[in-house]
Amino acid sequence: MAQPPRWIAIVDDDPSVLRALSRLLRTRGIDLRTYESARDFLSSLPDEATGAWPDCLILDLQMPEMNGLDLQRHLKRSGIQIPTIVITAHSEDDMRELCMAAGAHAYLLKPLDDLTLIAAINDVRARGARPA
């Protein structure tokens, strides 16, 4: 049986962050989709063209309406397991702990170090974690 296509979802309300991350990951041959809100992301699942789920979610913590932690919790309650890398400009330890407890695989501070982000993505993919 063929493996579903591998792709990454990036959810961030800042278009400049979406552009920068898209450029970085596409130059490394990574297929991705970008979303400006948690609601946009949720309404797109699974991918309409392939029926596939992302194998990794890069998620901004601070967003209007539904923040990154709320999205993580929503996915978990819905039984959707997507390995998540949380990105944020806020370094509060309690928020990091909450995100990790909600299932985040990594918690990275903005501005992002390219190599650290790529290493976190490679770690998620090496674990072979696939959404349920």
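Residues in region 100-116: is at least one closer than 13 Å to Ala9 by Cβ and either in contact with a strand residue (DSSP E or B) (Cβ under 7 Å, 6 or more places away or on another chain) or assigned to a strand (DSSP E or B) (or both)? Lay out the reasoning, then the answer.
Quick first cut of region 100-116, residues closer than 13 Å to Ala9 by Cβ only: none.
No, there is no match, as no residue in region 100-116 is closer than 13 Å to Ala9 by Cβ and either in contact with a strand residue (DSSP E or B) (Cβ under 7 Å, 6 or more places away or on another chain) or assigned to a strand (DSSP E or B) (or both).
Being over 22 Å from Ile118 (Cα atoms) and modelled with pLDDT of 95 or more, is that true of even one residue in region 14-37?
The answer is yes; a qualifying residue exists.
For region 33-55, the tally of residues that are in contact with a helix residue (DSSP H, G or I) (Cβ under 6 Å, 6 or more places away or on another chain) and part of a loop (DSSP other than H, G, I, E, B) stands at 0. Screening the candidates Arg77, Arg23, Arg39, Arg28 for the property of being in contact (Cβ under 8 Å) with a residue 60 or more places away in the chain and surrounded by fewer than 16 Cβ atoms within 10 Å (Cβ to Cβ) yields one hit, Arg28. Among all positions in region 50-60, there is at least one residue which is exposed (fewer than 13 other Cβ atoms within 10 Å of the Cβ), of a type in the set (S, T, N, Q) and touching a residue at least 24 places away in the same chain (Cβ under 8 Å).
Would you mind finding the one in Ile58, Ile87, Ile10, Ile82 that is in a loop (DSSP other than H, G, I, E, B) and either farther than 18 Å from Arg125 by Cβ or not polar (S, T, N, Q) (or both)? Walk me through it before giving the result.
On the way: Ile58 fails: in a loop (DSSP other than H, G, I, E, B); Ile87 fails: in a loop (DSSP other than H, G, I, E, B); Ile10 fails: in a loop (DSSP other than H, G, I, E, B).
Step by step, each of Ile58, Ile87, Ile10, Ile82 is checked, and only Ile82 is in a loop (DSSP other than H, G, I, E, B) and either farther than 18 Å from Arg125 by Cβ or not polar (S, T, N, Q) (or both).
The values are calculated or read from the model by the stated rules, or taken from the named source; none is laboratory data. What you see is a predicted model; the values in this text were computed from it and never measured. Every residue, glycine among them, receives a Cβ derived from its backbone with ideal geometry; neighbour counts consider all protein chains shown.
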